[in-house]
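The structure appears below as structure tokens.
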């Protein structure tokens with residue numbers, strides 16, 4: 001299906017620059033990826049709206065305070081705690 005759209009020049013320039021990077025083979029590919037991303041975002045929103053339990057858990061997580069960086073140090077500390085806990089049970 002062919003679809004034609006009119007864009008302001010600055011947007012058209014941006015789209016052409018995106019295609020020129022080589023990541024997209026055409027303007028159509030770029031637009032298709034944007035549409036897919038929008039559909040995925042809409043799907044996530046629908047799933048949240050249709051899943052009150054998940055929505056409640058996410059709200060609790062957001063309201064639980066500042067987060068913590070989860071990196072290799074986090075996992076090393078967690079592993080050490082688990083090893084210590086298991087050694088105490090022996």
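Laid out as a table, the results:
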| quantity | calculated |
| --- | --- |
| Qualifying residues in region 2-28 (those that are free of Cβ contacts under 8 Å to residues at least 12 places away in the same chain, touching a helix residue (DSSP H, G or I) at 6+ places or on another chain (Cβ under 8 Å) and part of a helix (DSSP H, G or I)) - the one surrounded by the fewest Cβ atoms within 10 Å (Cβ to Cβ) | 16 |
| Checklist (1) closer than 30 Å to residue 4 by Cβ; (2) out of contact with any helix residue (DSSP H, G or I) (no Cβ under 8 Å at 6 or more places or on another chain); (3) loosely packed, with under 10 Cβ neighbours inside 10 Å applied to residue 50, failing item | (1) |
| Candidate set: region 56-79, residues that are surrounded by 10 or more Cβ atoms within 10 Å (Cβ to Cβ) and within 30 Å of residue 45 (Cα to Cα); chosen: the one modelled with the lowest pLDDT | 58 |
| Test: residue in region 35-47 that is surrounded by 10 or more Cβ atoms within 10 Å (Cβ to Cβ), without any contact (Cβ under 8 Å) to a residue 24 or more places away in the chain and touching a helix residue (DSSP H, G or I) at 6+ places or on another chain (Cβ under 7 Å) | no |
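The values are calculated or read from the model by the stated rules, or taken from the named source; none is laboratory data. Please read these numbers as outputs of a predicted model, since none were measured by experiment. Counting neighbours? That spans all protein chains shown, and the Cβs are built from the backbone with ideal geometry, glycine included.
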